[in-house]
1. Restricting the search to segment 374-398, which residues are at pLDDT 95 or above and exposed (fewer than 15 other Cβ atoms within 10 Å of the Cβ)?
2. Take ILE46 and tell me if it is touching a Ser or Thr at 6+ places or on another chain (Cβ under 7 Å) and either of a type outside the set (Gly, Ala, Ser) or closer than 15 Å to PHE110 by Cα (or both).
3. Answer yes or no as to whether LEU192 is part of a helix (DSSP H, G or I), modelled with pLDDT under 90 and touching a helix residue (DSSP H, G or I) at 6+ places or on another chain (Cβ under 9 Å).
4. Does ALA265 satisfy the condition of being surrounded by fewer than 18 Cβ atoms within 10 Å (Cβ to Cβ) and in contact (Cβ under 8 Å) with a residue 24 or more places away in the chain?
5. Answer yes or no: is there a residue in segment 1-18 that is under 27 Å from MET345 (Cβ atoms) and exposed (fewer than 14 other Cβ atoms within 10 Å of the Cβ).
Amino acid sequence: MLYHNLLYFLVVIFVFSTNTAAAKPALPLPWTLLTLAVIYWLYGRIAASVFARAGWGPKGYFTAEKRLSILAVVTFMGQVYLLDLKHFLNPLSLGGRLPVLADLAGLACFFLLLTLMWRAARIHYQHLFQRAYSPFAFIRSNIKANLPIILPWLCLSLAFDALRMLPFPQLRRLLHSPWGELGLFVLFLVFLTLAFPPLVRSLWGCTPLPAGALRDRLIAFCRAQGFNAEIYIWPLFEGQVLTAGIMGIVPGLRYLLITPALLEALDEEELDSVLAHEIGHVKHLHLVLYMVLFLGFSVLAGAVAAPLPHLILSSDLFYDLLHHLHAGPENVLGVLATTPLLILMLVYFRFIFGYFIRNFERQADAYVFRAQGTGRPLIRSFEKIARLSGGNRDEKNWHHYGIGERIDFLARCETDRSLITRHERRLRTSLLVYFVIIGLLLFGLHQQESGQLSKEHEARYAEAVLTQKVREEPKNSLWLIYLGDFLQSRQMETRALEAYDKALTLDPMNAELNNNLAWLLLTAKNTSIRNPDRALTLALTAAMLKEQGHILDTLATAYWANGMLEEAMDTEMRAFRLDPKNRHYYLEQMEKFRTKRWGEEG
């Protein structure tokens, strides 16, 4: 379940942390709270119903937990995208200084869904594993079991946000540079290496394997392989699951975890084979490669994310969606930019990461031939695990080959050891191809421009934002004025005229609006929409409401357009006196009035 939970939390963290807080939520706060309450109540009822139909066996229990976890992820995404959850949690970020606090609050909303699932699962868990828990204790144990999945992200985010708050501008610039991000990631890896294993061991409630003949023999076997690690009892699912694991890169902080059920089920030779498998992970540097694969996703996501806004804003699909959905442009852009990255993450971890860890497991299986000279003890171990677990030995999953496949591989290697060499060669080739592709992407990322959108796309997006504001607040003339000003600056004069006219019906005594519309009617490149008579009326209204240099200049131009040269010169001189810093412009205007006719100014 740990690998599945990793995917669930990756999706949740990614969705919330990449989401942009909407300027205006879909629903007011009281309605949002009421909707969330209904959602959590319904999820709790669904969880109770699913577990009620799951039966009392392990397969039913774990299937129900998987389905409800997926439903929790989908429900959380609905809260983020449909209810604008981040809008309400964003104030926790202290004005954007500590974004991790808002992200942590979002994660707490997801944990609340999981809490409802765990509450419904408690009775079935107690029956299955014969262990009594109070509701609070059971929820706490599940939170502790899942905390190691989110702790690396949490620690890295806290460190990054804390460093950004320091009053050192050069440090902030460094942190936002590629080298700064790389340096922070290196420090993060150091933290993972030194602090993470003891922390996880404590959270999972692992205890040292008691002193005695068994511990001595297992340590002796490890030392014979040139391997050193502390051996701990792993109480996963009350210690009743037949499994083992290894964590930690540094020998002094490396822990070999074994569940009590596995210790009881296997004989000495079979236990040695399981230890050989875990030692194989270390010998082949799989723990290091896991970190590299996580770093690879960061590089890949960065390479894809850089051009995404440009591609989206240059696509007609984006603007068609804005027109039909009537959603905020920033929300639509956020969803369209996040969705490909979310799909990339799922594909990467499900298939690329999954491919490597499956084959790492197979490589670790093959290490038993080096440690014990034969794969038969490990085959017997797998047969026992399959039989005692009550599972299907041929059942596959995305992160491990099926037990039947693993047994078959070991049996074939028993008669043909070249299979081991061929598998290792194929794995090395796969890693080489992977590193070449990631390297090329990294090179391409650094060769890219700064990622600024072209002016054309920026302008189109700005128009979409203003148009959306007009739809949201049709009675607010300010947005229509801004839209008209913008369209006029882009020489979209017919549409600018429409925007100004609509604004004028809402706010006929707005000086700037009257002035800007008058100027459009006087200077439009499209001469068919010029109207000097109406422009004069509008300019007179604007000058009556607010006497300023640029408004008097518009009025002077309107007089000139209507053949009233004396009035035009007098009005331009008044503008000159009110705004002497722009005297050169007003003098040029008066010269134009004297020497040219309106419509010939070109």
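1. Once the filter is applied, which keeps residues that are at pLDDT 95 or above and exposed (fewer than 15 other Cβ atoms within 10 Å of the Cβ), segment 374-398 yields nothing.
2. No.
3. For LEU192, the condition - part of a helix (DSSP H, G or I), modelled with pLDDT under 90 and touching a helix residue (DSSP H, G or I) at 6+ places or on another chain (Cβ under 9 Å) - is met.
4. It is true that ALA265 is surrounded by fewer than 18 Cβ atoms within 10 Å (Cβ to Cβ) and in contact (Cβ under 8 Å) with a residue 24 or more places away in the chain.
5. Within segment 1-18 (the criterion being under 27 Å from MET345 (Cβ atoms) and exposed (fewer than 14 other Cβ atoms within 10 Å of the Cβ)), the answer is yes, since at least one residue qualifies.
The values are calculated or read from the model by the stated rules, or taken from the named source; none is laboratory data. Just so it is clear, the structure is predicted and the values come from calculations on it, not from any experiment. Cβ sites come from the backbone with ideal geometry, for glycine too, and all protein chains shown count toward neighbours.
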